[in-house]
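The values are calculated or read from the model by the stated rules, or taken from the named source; none is laboratory data. Here the structure is a predicted model, which means the values were calculated and not measured. All Cβ positions, even for glycine, are placed from backbone atoms using ideal geometry, and neighbour counts span all protein chains on display. All accessible areas refer to the heavy atoms of the entire protein, side chains included, with ligands and DNA or RNA removed. Shrake-Rupley method; radii C 1.70, N 1.55, O 1.52, S 1.80 Å.
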Amino acid sequence: MILQPVMNWIYGAEFDIRSYVKDFWAIALGKHKRPQAEYPGQSKRGLDRKKIAIVAIYPNSTAADFSIVHLLKSLQDCGFWVLVISTLKLSQEQREKFGLHCNHVIERHGIGRDFASYKMGWNWLNRSNDLKDAEYLVLANDRMFYPAGFSKHIRQIIAAHYSWGTLFENFERHYHSQSFFQIFGKEVFASKVFHRFWSSYWPFSTRAHAIDRGEVSLSSALLKGKFYPQALFRSDLISADAVAGLSKPNSERLVFAIKHALDLTSITARRFGDLNFTTQERSVFDLKSYKREARLELAQQIATVAEFRNPTHRIGVLCNVLYGAPLKRDLVYRGTFEIGTLLLASTAFSEIEKQSIRDDLVSKGSPQSLAHSYRLMSLYRSSRI
């Protein structure tokens with residue numbers, strides 16, 4: 001009981017210490033401020049710069065390039081001037097592929113994660129005074145599988161005139177707006193609290209630092225400044241739409257997505273390593289035959305899961321089925337879904353794109369069959385936990 005947490009801490013501390021030491025010297029040498037390469041994109045859209053997007057990418061798996069293209073194209077379709085910040089040197093093919101749908105590209109040293117890219121983009125835009133006429137600023141990264149129709153979600157947020165729009169809000173441990181896609185109005189990104197946050201952020205590479213000092217701290221700073229995020233995929237809306245969707249024909253995927261979110265599928269417990277599956281003792285009820293008085297309770301259960309757990313993990317596929325929402329790329333190696341199940345359940349992607357998703361997930365390694373402690377060690381060493 002005690003040995004496994006101790007071993008996990010040791011392996012995590014080993015990664016954290018090495019990472020902090022490496023980053024410290026790189027930051028001391030100023031590498032976090034210096035681009036490795038910089039060049040214009042080929043797009044001529046969004047030139048009025050009323051809407052500007054900083055897109056942080058780490059394209060270590062070319063299988064997910066289609067998703068980055070969907071994100072960039074969706075932003076440009078919505079009138080955004082797009083600045084891409086890559087933590088890896090792009091291949092010539094990627095330069096051409098991404099360059100078609102963005103206005104400028106910076107390739108930087110691999111220090112920090114998405115928030116380090118956001119900060120470099122933020123500083124670059126302020127030095128060039130590009131934000132003076134902007135009405136909206138987007139911070140987005142490639143940690144999602146974005147479908148081709150993602151522009152409809154961007155338009156929904158803009159049409160609602162939110163000063164701070166996001167896809168998902170997370171109530172787990174610390175309330176915060178999840179940082180893979182956020183839209184800020186001028187009153188937010190021109191505020192003192194927003195500027196103060198970026199001037200004080202240090203770009204270290206550990207996941208805990210990126211979440212606690214980046215994602216959570218940015219939300220905390222803005223909340224203290226009396227700015228409040230508005231999530232497109234809110235728990236009350238999702239739960240109501242999910243229950244209403246059960247009355248519609250061809251709702252098999254929706255039924256499965258709800259059952260999985262609520263741990264009501266026939267397979268609910270997994271023992272990693274020996275692949276023994278434990279069948280749930282209580283029977284799996286037929287959601288489509290739910291009586292009216294029980295549907296409010298079902299909606300409550302969905303809303304509770306959305307707020308008590310990481311929403312992109314627990315109800316991410318449900319949102320994909322309901323709205324064609326993007327999917328988090330870590331659903332499989334975090335143990336939420338198996339690759340095959342995720343591909344069967346998800347919508348909004350073509351069969352060719354699903355094959356690319358599979359290739360990307362397979363390249364990550366750490367399959368479900370790994371024993372739990374070995375799985376965690378593997379994730380620690382690869383910096384994904």
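Kindly establish whether SER217 is more than 30 Å from VAL332 (Cβ to Cβ) and either out of contact with any strand residue (DSSP E or B) (no Cβ under 6 Å at 6 or more places or on another chain) or outside any helix (DSSP H, G or I) (or both). No. Listed conditions (1) open to solvent by 30 Å² or more (accessible area, probe 1.4 Å); (2) under 27 Å from LEU322 (Cα atoms) are all met by ILE238, apart from (1). Restricting TYR162, TYR146 to residues that are modelled with pLDDT of 95 or more and either crowded, with 22+ Cβ neighbours inside 10 Å or farther than 22 Å from ASP330 by Cβ (or both) narrows the list to TYR146.
A count restricted to the stretch 245-284 and to residues that are in a loop (DSSP other than H, G, I, E, B) and at pLDDT below 50 stands at 9. Only residues that are within 17 Å of LYS89 (Cβ to Cβ), of a type in the set (Ser, Thr, Tyr) and at pLDDT 90 or above were counted in the stretch 43-65, giving 2.
The residues of the stretch 165-219 that are over 22 Å from GLN230 (Cβ atoms), in contact with an Asp or Glu (Cβ under 8 Å, 6 or more places away or on another chain) and open to solvent by 30 Å² or more (accessible area, probe 1.4 Å), listed by number, are PHE204, ALA208. Criterion first (at pLDDT 95 or above and either small (Gly, Ala, Ser) or within 16 Å of the chain's Cα centre (by Cα) (or both)) does LEU72 satisfy it? For LEU72, the condition - at pLDDT 95 or above and either small (Gly, Ala, Ser) or within 16 Å of the chain's Cα centre (by Cα) (or both) - is met.
Among the residues making up the stretch 109-140, those that are farther than 15 Å from LYS51 by Cα, over 21 Å from the mean Cα position of the chain (by Cα) and in contact (Cβ under 8 Å) with a residue 40 or more places away in the chain are HIS109, ASN123, TRP124.
Considering only residues in the stretch 357-385 that are at pLDDT 90 or above and open to solvent by 30 Å² or more (accessible area, probe 1.4 Å), the one that is nearest to HIS153 (Cα to Cα) turns out to be ARG358.
Determine, yes or no, whether PRO40 is modelled with pLDDT of 90 or more and either among the polar types (S, T, N, Q) or within 25 Å of PHE204 (Cα to Cα) (or both). For PRO40, the condition - modelled with pLDDT of 90 or more and either among the polar types (S, T, N, Q) or within 25 Å of PHE204 (Cα to Cα) (or both) - is not met.
Identification of strands (runs of 3 or more DSSP E) wholly contained in the stretch 15-93 with 3 or more residues that are crowded, with 22+ Cβ neighbours inside 10 Å yields 51-57, 81-86.
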